[in-house]
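Trainee: Below is the structure I would like to discuss, written out as structure tokens.
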Amino acid sequence: MKRSILSLAALLPNIIAPMGIPSSELHSLESRQDSVLDLPAIADTFTPHDKAVIVSIMGDSYSAAPGAGNPKPGDYAQKCHQFDESYGFQLIDKFPFWSSWGVLGGFTACTGDKTDDFLNKQIGRMDNDNDIVALTLGGNDIGFVPIVFACLLTGNLGPDCDKRLTHAEHMLGGGGPGTLHDAIFRVWDAIFRKMKKDWHYQVYQIGYPLFFNEDSDWCNEQSFKLVAKPGPKLSKGRRRRLNNIIRLYNKQMASWVDAYNNKNKNHELDWGHERIFFVNPDSAFHGHRFCEPGVQDPSFEDDRIWLFGAGTKDNSGNNALSQATNLTDIDNNMLFSGPPYEHVNATHCKDDSAYDTEDDFTILCDYARNINSTSDLESTVQVSIRNMAKRSFHPRTKGMNAMRAALSVKLRQQRTNDAYQLTHGLCSFHMKEFAICTRGERLLKAYVMPLLDHVKLRIGGTTDSQPRDINDWEPYSMTSDLPDTLKITGENVGDYVQFNYQDKSWTTDAHDYPEGNNDGWCDTGGWANGPGGCDRAIRDMDCTFHC
């Protein structure tokens, strides 16, 4: 998998950042209208390892970002219409946490993918060591693209618009085979099967923004025009009904995330706490939708609109799609090839089996029918809409920045030690103790690899590269997700090690419970190379204690 890396050098200006964000700041970031505030990165105290944080951006076109920025190179990226101003690429560049290890990004998002495509194509490209998976998914399952064409871009297909909206509402209903609920649970199951069984490894399911301001009057007589003929008028009722589908999607997805967390916290996987979170980016788009009262632009080209209209240009100003004076100026290779249907029989295409199974064919058929319904053209209509439809009603670069900010807010809220709730019971750790000679003095050091809570989730530990002094004159107090420190004291070379946690105390001389100390006990191996003399001496132990 191709990855991008963010080095510490790129983060140095933020190292003096505050260690936390008040809830008032988080709220103001989510609701900010004119631009998305970039708060400085904060220290990463959450990631349970000393290596780069791995982030995977997966799912559909709202993650691939067709038209936002410039096309990414590579066969897979071009096939999937990945563009470099996706919220995912922006997140890697503006990651909300800093550490000396940087961030690695993997990108499998693919325009047009449904949940089955995700399971068949994307899950195999996913790394097993992801810290964070962020994805948008489900819009294509409910028929997002055919809805747009039938309800907004083709003006004479009213019954088909109603049919597609009804289908979407059915897909977003209760559970069971053939519903989005069933499909998205299978996706989440597949993702978590490939992630570590540790609460620090998380999934962020992102929703979709509403398209329209529903209350403005000026937009009632406006319509979108993709190539030839204008679509239907954007009445308040039409705008509201389209928005309501997205509202329903976001509402259902949030409730399904809660249900999935509860299922696995309490029953199937014994998570102990949440590992999947819903991110609703909609509030970040407030004031930047179609039909805003302060942005009365019938072409919907204004930079203050954060969504692509019907073939409109990007609003970043730094890419070929935004700089082109018209669509014919754009290299066809940049836009990629369109669907493999150059001619469509407008009279009979709806009877083709592909009409109900292939979105690209459905779009072209509807477009051909729309042209043919009000003209004297022959029944076979040449259709050439190329990639303009791919980006219509998707976030432009500034909209992708809003999605990135909404995800960053959720990451800051959830990737903090405050989010951890200790599962009380028996905590455990493996410790490697060793003795070395320094200037003729025998010193004791130790690694703790790792510290686990009652359900065997990692909540702390040291690393092989950072052994800790545990001598009796300088004991080690280890901080972790536990509410108090674990104190480790090596009394003498070859002697026992003393452990203290809260009011509990035990030593390596306390062996398996219940024969040993009721506060804690250790299974301790013998010394290798010692402990006498000045050779490096090592021994291992597995300890358990009440926490």
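Trainee: Somewhere in the range 316-325, is a residue on the phi < 0 side of the Ramachandran plot and at pLDDT 70 or above?
Mentor: yes
Trainee: Looking only at the range 410-421, decide whether some residue is at pLDDT below 90, hydrophobic (A, V, I, L, M, F, W, C) and buried (at least 23 other Cβ atoms within 10 Å of the Cβ).
Mentor: No - not one qualifying residue is present in the range 410-421.
Trainee: If you go through the range 195-236, how many residues are outside any strand (DSSP E or B) and buried (at least 17 other Cβ atoms within 10 Å of the Cβ)?
Mentor: Adding up the residues that qualify gives 22.
Trainee: Only one of ALA109, ALA150, ALA134 is free of Cβ contacts under 8 Å to residues at least 60 places away in the same chain, crowded, with 24+ Cβ neighbours inside 10 Å and either under 14 Å from the mean Cα position of the chain (by Cα) or farther than 18 Å from ILE206 by Cβ (or both); which?
Mentor: Among ALA109, ALA150, ALA134, only ALA109 is free of Cβ contacts under 8 Å to residues at least 60 places away in the same chain, crowded, with 24+ Cβ neighbours inside 10 Å and either under 14 Å from the mean Cα position of the chain (by Cα) or farther than 18 Å from ILE206 by Cβ (or both).
Trainee: All but one of (1) more than 30 Å from HIS288 (Cα to Cα); (2) out of contact with any His (no Cβ under 8 Å at 6 or more places or on another chain) hold for GLN222, so report the exception by its number.
Mentor: Failed condition: (1).
Trainee: Something else now. What number goes with the only condition from (1) under 20 Å from ASP198 (Cα atoms); (2) modelled with pLDDT under 80; (3) not basic (Lys, Arg) that CYS427 does not pass?
Mentor: Result: CYS427 fails condition (2) only.
Trainee: On to the next question. Among (1) more than 26 Å from ASP303 (Cα to Cα); (2) at pLDDT 50 or above; (3) surrounded by fewer than 19 Cβ atoms within 10 Å (Cβ to Cβ), where does LEU37 come up short?
Mentor: Only one criterion is unmet by LEU37, namely (1).
Trainee: Quickly run through the range 266-294 and pick out the residues that are modelled with pLDDT under 85 and surrounded by fewer than 18 Cβ atoms within 10 Å (Cβ to Cβ).
Mentor: Answer for the range 266-294, where residues must be modelled with pLDDT under 85 and surrounded by fewer than 18 Cβ atoms within 10 Å (Cβ to Cβ): ASN266, HIS267, GLU268, LEU269, ASP270, HIS273.
The values are calculated or read from the model by the stated rules, or taken from the named source; none is laboratory data. Treat the numbers as computed from the prediction; the structure is a model and nothing was measured. Cβ coordinates were reconstructed from backbone atoms using ideal geometry, including for glycine residues, and neighbour counts include every protein chain displayed.
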